[in-house]
Amino acid sequence: LFAGPVDFLKGVVAMEGLPPDDRPEICFAGRSNVGKSSLINALTNRKGLARASNTPGRTQEINYFTLGDGHYMVDLPGYGYAEAPVAVVEKWQRLLRTYLAGRATLRRAFVLIDARHGIKPVDEDIMALLDTAAVSFQVVLTKADKIKDKDRERVLKQVREKLAAHPAAYPELVLTSSEKGEGIATLRTIIAGID
Ligand code: GTP
Ligand code: MG
């Protein structure tokens with residue numbers, strides 16, 4: 001999947017702009033700044049493929065990438081706090097939710113959670129939306145390099161407990177670091193198994 005060329009296809013700002021729903025796709029959702037774009041770069045081994053930055057609200061469009069076997073991989077704008085005008089943020093937030101609940105070919109949403117912070121109320125809102133829309137989702141913990149070993153178990157426990165209440169959630173968690181590479185190969189294998 002990641003062995004062949006991975007290409008940026010397009011950035012989408014409205015549902016009408018989505019590419020034809022003629023093939024399976026996966027997406028990365030999560031709070032602003034959680035590390036969605038960085039994870040795409042780590043998975044594809046292409047540093048500047050998806051634009052990442054320390055400013056929450058960096059990704060402002062639904063960005064489509066094509067994977068080697070023709071699947072689409074989608075980088076989403078973040079939810080929650082963003083450094084952008086309120087009216088603009090509200091527009092992406094609506095688009096993001098419409099996309100997550102309404103994309104027929106969306107096979108799995110990866111919901112990224114900062115390993116230091118665990119699941120926040122805004123994450124629960126998105127998870128509830130995915131439950132209602134019957135979109136399977138899987139939690140990926142990010143920035144594992146920033147968490148101390150003694151805090152890992154506590155966060156993992158919080159996440160497992162919260163996920164138990166979500167029928168659309170996969171129980172399997174993946175702990176990743178885009179910086180250090182932890183969990184990246186595991187996540188590639190998981191994605192390769194999605195058809
Ligand atoms: P938005 O597009 O604004 O929603 O953010 P995003 O979720 O795409 O986050 P992005 O990938 O832009 O990363 C946000 C910040 O976190 C950047 O400064 C990254 O360098 C940093 N970051 C991302 N992943 C990791 C990681 O695994 N470890 C560490 N230490 N920093 C990370
Ligand atoms: Mg981004």
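Could you tell me which of the residues Tyr72, Tyr81 is within 21 Å of Met127 (Cα to Cα) and of a type in the set (Phe, Trp, Tyr)?
On the way: Tyr72 fails: within 21 Å of Met127 (Cα to Cα).
That would be Tyr81, the only listed residue that is within 21 Å of Met127 (Cα to Cα) and of a type in the set (Phe, Trp, Tyr).
Please tell me if Glu25 is under 14 Å from the mean Cα position of the chain (by Cα), among the charged types (D, E, K, R) and away from ligand 1 (no atom under 16 Å from the Cβ). I'd like the intermediate steps shown before the answer.
Numbers: under 14 Å from the mean Cα position of the chain (by Cα): yes; among the charged types (D, E, K, R): yes; away from ligand 1 (no atom under 16 Å from the Cβ): yes.
In short, yes.
Whether any residue in the range 61-68 is of a type in the set (Ser, Thr, Tyr) and assigned to a loop (DSSP other than H, G, I, E, B) is what I want to check. No, the conditions are met nowhere in the range 61-68.
If Ala42 satisfies every condition in (1) away from ligand 2 (no atom under 11 Å from the Cβ); (2) in contact with an Asp or Glu (Cβ under 9 Å, 6 or more places away or on another chain); (3) under 18 Å from Leu106 (Cβ atoms) but one, which is the exception? Just one mismatch for Ala42, condition (3).
Would you confirm, using the coordinates I've provided, whether Thr142 is of a type in the set (S, T, N, Q), in contact (Cβ under 8 Å) with a residue 24 or more places away in the chain and surrounded by 13 or more Cβ atoms within 10 Å (Cβ to Cβ)? Walk me through how you get there before you give the answer.
Working: of a type in the set (S, T, N, Q): yes; in contact (Cβ under 8 Å) with a residue 24 or more places away in the chain: yes; surrounded by 13 or more Cβ atoms within 10 Å (Cβ to Cβ): yes.
When the stated conditions are applied, Thr142 passes them.
For the range 45-58, a tally of residues being farther than 17 Å from Asp114 by Cα, without any contact (Cβ under 8 Å) to a residue 24 or more places away in the chain and within 9 Å of ligand 2 (Cβ to nearest atom) returns 1.
One line per residue, one yes/no per condition, for (1) under 13 Å from the mean Cα position of the chain (by Cα); (2) surrounded by 18 or more Cβ atoms within 10 Å (Cβ to Cβ):
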{"residue": "Gly4", "(1), (2)": "no, no"}
{"residue": "Pro19", "(1), (2)": "no, no"}
{"residue": "Val34", "(1), (2)": "yes, yes"}
{"residue": "Thr44", "(1), (2)": "no, yes"}
{"residue": "Ile62", "(1), (2)": "yes, yes"}
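Just one of the numbered conditions (1) under 27 Å from Pro171 (Cα atoms); (2) in a loop (DSSP other than H, G, I, E, B); (3) modelled with pLDDT of 90 or more; (4) touching a helix residue (DSSP H, G or I) at 6+ places or on another chain (Cβ under 8 Å) is not true of Ala101: (2). Between Asp145, Asp123, the distinction of being within 16 Å of ligand 1 (Cβ to nearest atom), more than 28 Å from Tyr64 (Cβ to Cβ) and either in a helix (DSSP H, G or I) or not hydrophobic (A, V, I, L, M, F, W, C) (or both) belongs to Asp145 only.
The values are calculated or read from the model by the stated rules, or taken from the named source; none is laboratory data. All of these numbers come straight from a predicted model, not from anything done at the bench. For neighbour counting, all protein chains shown are included, and Cβ atoms are generated from backbone atoms with ideal geometry for every residue, glycine included.
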